[in-house]
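A.B. asks: Below: one structure in structure tokens.
Throughout, read-outs are computed from the coordinates displayed, never taken from laboratory work. Model, not experiment: these values are computed from the prediction. Glycine gets a Cβ as well: all are built from the backbone with ideal geometry, and neighbour counts include every protein chain shown.
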Amino acid sequence: MLHDTFKNKGILSEIFFELEVFTFIAAIQFVKNLPYGRTTDRANPDLVLIELKGSCSTKHALLKKLALEQGISTVSLYLCLFKMNGNNTPKLEEVLQKHDVSYIVEAHCILSVNGEFIDVTSETSDYDSLKNDILELVEIQPEQIGDFKVDYHQTYLKKWLKERNSKYSFEEFWGIREQCIKVLSS
């Protein structure tokens, strides 16, 4: 089914057809090649196809929605919390060193396609580069990439900071995280 031409069942497949993307495998590559960046509404994955950019959340949720639209049952959307560090995300080394932090607990979305995890966040994203740094993995639905994802991430982070007796408050640590996201978006 991943290589089959879309059955024109809905708005997403129609938009992909207009973009000359005709199979789920081709859609994966198309989305992966779009620039990384937050869309105007982080909870609306359809905007990836309008704004032609997306974050890990919107890009992966868009593909999950497309899979649902096409009746492809072997695609799952996951929220993972992982140690975002200089090894798996080299662009962040300077920010992390500046704050004397070895890693940031980051919430990240990925897909499982036929039982294999993939990361389409950017052209260079590779699940293998972060799989050993995953702290938690939970299956979610596309409508959970907004408030649910943020709440889950923040709840986990508050507990994590408390358990480690961190010198940073939650607000300070979240600010460091936002600096990291800004670096990744540039």
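A.B. asks: So if we plug the beta-carbon distance of SER166 and ASN33 into 1/(1 + (r/R0)^6) with R0 = 35 Å, what FRET efficiency do we get, rounded to 0.05?
C.D. replies: Details: r = 38 Å, r/R0 = 1.07.
The computed FRET efficiency comes out at 0.40.
A.B. asks: Can you work out ³J(HN,Hα) from phi for every residue in the range 114-128, in order, using Karplus 6.51 cos²θ - 1.76 cosθ + 1.60 and θ = phi - 60°, giving whole Hz and x for Gly and Pro?
C.D. replies: Calculated HN-Hα couplings, in order: 6, x, 10, 7, 9, 10, 10, 4, 8, 4, 9, 5, 8, 4, 4 Hz.
A.B. asks: LEU161: net charge of surrounding residues, Cβ under 13 Å, Lys/Arg +1, Asp/Glu -1, itself excluded? If you can, show how the numbers build up before the last one.
C.D. replies: Working: positive: LYS158, LYS159, LYS162, ARG164, LYS167, ARG177; negative: GLU163, GLU171, GLU172.
Charge balance near LEU161 sits at +3.
A.B. asks: Quote the convex hull volume per residue of the range 10-116, based on C-alpha atoms, as a whole number of Å³.
C.D. replies: Details: hull volume 11.9 nm³, N = 107.
Dividing the Cα hull volume of the range 10-116 by its residue count gives 111 Å³.
A.B. asks: Set Lys and Arg Cβ to +1 and Asp and Glu Cβ to -1, take the dipole of the chain about its Cα centre, and tell me which of VAL21, THR5, ILE50 lies farthest positive.
C.D. replies: Among VAL21, THR5, ILE50, the one farthest towards the positive end of the dipole of the chain is ILE50.
A.B. asks: What FRET efficiency would be calculated for the residue pair MET1, TYR156, taking the C-beta separation as r and a Förster radius of 30 Å, to the nearest 0.05? Provide the component values of the computation, followed by the final result.
C.D. replies: Working: r = 34 Å, r/R0 = 1.14.
Once the sixth-power term is evaluated, E becomes 0.30.
A.B. asks: What length, rounded to one decimal in nm, is gained on full extension from ASN114 through to LYS53, with 0.36 nm per residue of separation minus their alpha-carbon distance?
C.D. replies: On the way: separation 61, 0.36 × 61 = 21.96 nm, distance 2.53 nm.
Difference between extended and current length: 19.4 nm.
A.B. asks: Something else now. Nearest 20 debye, what's the magnitude of the dipole of the range 11-70 about its Cα centre given +1 on Lys and Arg Cβ and -1 on Asp and Glu Cβ? Display every interim value, and only then the final one.
C.D. replies: Numbers: 7 positive and 7 negative charges, 77 e Å.
Charge dipole, the range 11-70, about its Cα centre: 360 debye, nearest 20.
A.B. asks: Taking the chain, how much of its Cα-Cα pair set, in percent, is spaced more than 23 angstrom apart? Could you put the intermediate results ahead of the total?
C.D. replies: Working: 7125 of 17205 pairs.
When every Cα pair of the chain is considered, 41 percent fall beyond 23 Å.
A.B. asks: Oh, and also: Taking each full run of DSSP H in the chain as one helix, which ones are at least 18 Å long along their axis (Cα atoms) and have mean Kyte-Doolittle hydropathy of at least -0.5? If you can, show how the numbers build up before the last one.
C.D. replies: Details: long enough: 56-70 (21 Å, -0.14); 147-163 (24 Å, -1.32); 170-185 (22 Å, 0.04).
Helices meeting the span and hydropathy rule in the chain are 56-70, 170-185.
A.B. asks: I would also like to ask the following. Of the DSSP beta bridges with both residues in the chain, give the percent that are antiparallel, rounding to the nearest 5. Could you put the intermediate results ahead of the total?
C.D. replies: Numbers: 21 of 22 bridges.
The antiparallel proportion sits near 95 percent.
A.B. asks: Suppose every Lys and Arg Cβ carries +1 and every Asp and Glu Cβ carries -1, with no other charges. What dipole size does the range 75-185 come out with about its Cα centre, to the nearest 20 debye? Don't jump to the answer; show the numbers that get you there.
C.D. replies: Details: 12 positive and 19 negative charges, 93 e Å.
The calculation lands at about 440 debye.
A.B. asks: Sum -39500 (n - 2.57) across every DSSP H segment of at least 4 residues in the chain, then divide by the residue count to get the 222 nm mean residue ellipticity, nearest 500. List each step's numbers first, then the result.
C.D. replies: Numbers: 7 runs with 77 residues, N = 186.
The per-residue figure over the chain is -12500 deg cm²/dmol.
A.B. asks: Could you pull out the pairs from LYS9/LYS91; LYS91/LYS158; LYS65/LYS162; LYS98/LYS149 whose alpha carbons sit more than 30 Å apart here? List each step's numbers first, then the result.
C.D. replies: Details: LYS9/LYS91 40 Å; LYS91/LYS158 25 Å; LYS65/LYS162 36 Å; LYS98/LYS149 27 Å.
Where the Cα-Cα span goes over 30 Å, the pairs concerned are LYS9/LYS91; LYS65/LYS162.
A.B. asks: Further question on the same structure: Towards the positive end of the charge dipole of the chain, with charges on Cβ (+1 Lys, Arg; -1 Asp, Glu), say which of ILE176, ASN165, VAL75 has the farthest Cα.
C.D. replies: ASN165
A.B. asks: Summing +1 for each Lys or Arg and -1 for each Asp or Glu, what net charge is found among the other residues whose Cβ lies under 9 Å from the Cβ of VAL105? Display every interim value, and only then the final one.
C.D. replies: Details: positive: LYS83, ARG177; negative: GLU106.
Once all neighbours under 9 Å are counted, the net charge is +1.
A.B. asks: Let me know the charge dipole size of the chain about its Cα centre in debye, to the nearest 20, where only the beta-carbon of Lys, Arg (+1) and Asp, Glu (-1) is charged.
C.D. replies: On the way: 21 positive and 27 negative charges, 80 e Å.
Value, rounded to 20: 380 debye.
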